[in-house]
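Peer 1: Take this structure first; my questions come after.
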Amino acid sequence: MSVDSNYEVAREFYKKQGVDTDEALKKLGQFSISMHCWQGDDVVGFDQDGPLSGGIQTTGNYPGRARNPEELMADIEKALSLIPGEHRLNLHACYAIFEDGEKADRDRIEPKHFKKWVEFGKRIGLKGIDFNPTIFSHSMMVDGLSLTSPKKEVRDFWINHCKACIRISEYLAEEFNTHCEMNIWIPDGLKDVPADRMGPRKRYAESLDEILSMPYDKTKVLITLESKVFGIGLESYTAGSAEFTAGYAYTRHILPLMDNGHYHPTEVVSDKISSMLLFNEKLALHVTRGVRWDSDHVVLLDDETKEIAKEIVRNDAMDRVMVGLDFFDASINRISAWTVGMRNFQKAMLSALLTPFDKLKTLQEESRFTELMALQEELKTYPLGLVWDKFCADKGAPVGENWIDEMLAYEKDVLLKRG
Ligand code: RNT
Ligand code: ZN
């Protein structure tokens, strides 16, 4: 019972449905996910000593949090060795690396503060690095507000931060000869019933216009804007709502970013992808798992994750949807959190790639709903795992649960030795 002979069995199963497993494996190998650096250190970063703030929160104190660039890079490298395929890294501005006692505030950061990340990325063979302004956990978040603040000096600080980030994103794109997705997200909102929603939203739009007025290479830096429905301490309203973000992105020719933790609990991003694809050339996702709220639990191979992947694959949008992960669980081994989340999104993509969508679409078009339900349910127990094992083996990554022992060995040898 080898990986290869198992794969032969699986191949026959899918062939019966008209699905070419070899082709599916090839396409999966071409699909890169942007792995978020911030799972490794509980979204703390290297540029400040204060706690995480801005409507988001990590919970848990599992030992082994990465405390500096060396540790974070080592942990990322370890995680990526357990994940098949070639991927991208998603960095936040607060992960700037300052040398020789130098320090620059967020409105003054420069490409050179990310040179070490570029060197690291090239050494481990990253496909690219994506970037994010860090608009939280900072003293210039006055009354919790940034780009919507009534205070001009506050808005200007964050406008300058975003402009600095565009320059850094351009540098990252050039170094890796690929695009750099730069995602803007602000927590700005209010705990209780606002007296004015329009004023702050208008200021937000004007601040963004000011940021985008700077010249930059639009083929290299793909600016995305992330919406949100609420945050901790910001329960009544957030400026960057879904409608604000969709409207702004559409009219200014930037890209919308949908985080599946950022909607009302019964709303699903999988249902939104097709509509967004009809009106935007590309779009970006933050794949996460909300449990009852935007809790940022590790991505599992659950129904919604699979449905998101299906929408990407069956709409032929693997090169139009940029997928990044976004969760931060501090209650479990952080390498494991990354590995489980990345492998699961890949499994979801593989599951979609192995689905006979033409056949299913025809059943829908012909209103043969009985057969549609019956076949979709039968496909759920097809041997996905055997094809997945083949992918891992071909890519030189651990097959099945074999990565767990490796992860635990790293915990014992490295993580538990951190103070
Ligand atoms: C928070 C947003 C945002 C952040 C990261 C750190 O709710 O999802 O993506 O999580 O930028
Ligand atoms: Zn997000």
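Peer 1: Can you tell me how many residues within the range 266-280 are of a type outside the set (Val, Ile, Thr), out of contact with any strand residue (DSSP E or B) (no Cβ under 8 Å at 6 or more places or on another chain) and farther than 14 Å from Lys228 by Cβ?
Peer 2: Residues flagged as of a type outside the set (Val, Ile, Thr), out of contact with any strand residue (DSSP E or B) (no Cβ under 8 Å at 6 or more places or on another chain) and farther than 14 Å from Lys228 by Cβ within the range 266-280 amount to 6.
Peer 1: What are the residues in the range 146-165 that are surrounded by 24 or more Cβ atoms within 10 Å (Cβ to Cβ) and hydrophobic (A, V, I, L, M, F, W, C), if any?
Peer 2: Selection gives Leu147, Trp158, Cys162, Cys165.
Peer 1: Could we say that Cys162 is of a type outside the set (Lys, Arg), outside any loop (DSSP other than H, G, I, E, B), under 18 Å from the mean Cα position of the chain (by Cα) and within 30 Å of Glu206 (Cα to Cα) here? Step through it out loud before you land on a result.
Peer 2: Values: of a type outside the set (Lys, Arg): yes; outside any loop (DSSP other than H, G, I, E, B): yes; under 18 Å from the mean Cα position of the chain (by Cα): no; within 30 Å of Glu206 (Cα to Cα): yes.
So Cys162 fails the test.
Peer 1: Same structure again: What about Asp192, is it in contact with a Ser or Thr (Cβ under 7 Å, 6 or more places away or on another chain) and more than 20 Å from Gly290 (Cβ to Cβ)? I'd like the intermediate steps shown before the answer.
Peer 2: Details: in contact with a Ser or Thr (Cβ under 7 Å, 6 or more places away or on another chain): yes; more than 20 Å from Gly290 (Cβ to Cβ): yes.
Yes, satisfied.
Peer 1: Shifting gears a bit: Of these, Leu277, Leu257, which one is assigned to a strand (DSSP E or B), under 23 Å from Lys220 (Cα atoms) and among the hydrophobic types (A, V, I, L, M, F, W, C)?
Peer 2: On inspection, the qualifying residue turns out to be Leu257.
Peer 1: Restricting attention to the range 57-80, does a residue exist that is surrounded by fewer than 21 Cβ atoms within 10 Å (Cβ to Cβ) and within 16 Å of ligand 2 (Cβ to nearest atom)?
Peer 2: Yes, the conditions are met somewhere in the range 57-80.
Peer 1: Could you please let me know if Thr245 is hydroxyl-bearing (Ser, Thr, Tyr), modelled with pLDDT of 95 or more, more than 11 Å from ligand 2 (Cβ to nearest atom) and touching a Phe, Trp or Tyr at 6+ places or on another chain (Cβ under 9 Å)?
Peer 2: no
Peer 1: Considering each residue of the range 173-196, count those that are away from ligand 1 (no atom under 16 Å from the Cβ) and either assigned to a helix (DSSP H, G or I) or out of contact with any strand residue (DSSP E or B) (no Cβ under 7 Å at 6 or more places or on another chain) (or both), and give that number.
Peer 2: 9
Peer 1: On to the next question. Being charged (D, E, K, R) and not in a loop (DSSP other than H, G, I, E, B) is the filter; apply it to the range 389-404 and report the residue that is nearest to Asn333 (Cα to Cα).
Peer 2: That would be Asp389.
Peer 1: Just name the residue that is nearest to ligand 1 (Cβ to nearest atom) out of those in the range 202-235 that are part of a loop (DSSP other than H, G, I, E, B) and touching a strand residue (DSSP E or B) at 6+ places or on another chain (Cβ under 9 Å).
Peer 2: Taking the range 202-235 and keeping what is part of a loop (DSSP other than H, G, I, E, B), we get 213-220, 227-230, 232-233, 235.
From what is left, the residues that are touching a strand residue (DSSP E or B) at 6+ places or on another chain (Cβ under 9 Å) are 216, 220, 227-230, 233, 235.
Working: Tyr216: 20, Lys220: 21, Ser227: 10, Lys228: 6, Val229: 10, Phe230: 10, Gly233: 13, Glu235: 14 Å.
Taking the candidates together, the pick is Lys228.
Peer 1: Among the residues of the range 174-187, is there at least one that is touching a Phe, Trp or Tyr at 6+ places or on another chain (Cβ under 7 Å) and either farther than 30 Å from Gly125 by Cβ or surrounded by fewer than 17 Cβ atoms within 10 Å (Cβ to Cβ) (or both)? Can you show your working first?
Peer 2: Of the range 174-187, the ones touching a Phe, Trp or Tyr at 6+ places or on another chain (Cβ under 7 Å) are 180, 182, 187.
If we keep only those that are either farther than 30 Å from Gly125 by Cβ or surrounded by fewer than 17 Cβ atoms within 10 Å (Cβ to Cβ) (or both) too, we end up with 187.
Yes, that holds for at least one residue.
Peer 1: Residue by residue through the range 355-371, note down the ones that are part of a helix (DSSP H, G or I) and closer than 18 Å to Asn315 by Cα.
Peer 2: Matches in the range 355-371: Phe357, Asp358, Lys359, Leu360, Lys361, Thr362, Leu363, Gln364, Glu365.
Peer 1: Between a first residue in the range 263-281 that is closer than 15 Å to Asp316 by Cβ and a second residue that is hydrophobic (A, V, I, L, M, F, W, C) and not in a helix (DSSP H, G or I), which pairs have beta carbons less than 6 Å apart while being 6 or more apart in sequence or on different chains?
Peer 2: Met276/Leu283; Leu277/Ala317
Peer 1: From the list Met342, Met349, Met318, exactly one residue is in a loop (DSSP other than H, G, I, E, B), touching a residue at least 24 places away in the same chain (Cβ under 8 Å) and under 26 Å from Ala24 (Cα atoms). Which is it? Show your work before the answer.
Peer 2: Numbers: Met342 fails: in a loop (DSSP other than H, G, I, E, B); Met349 fails: in a loop (DSSP other than H, G, I, E, B).
Unique residue meeting the criteria: Met318.
The values are calculated or read from the model by the stated rules, or taken from the named source; none is laboratory data. What you see is a predicted model, and the numbers here were worked out from it, not measured in a lab. Ideal geometry is used to build each Cβ from the backbone, glycine not excepted, and the neighbour counts take in all protein chains shown.
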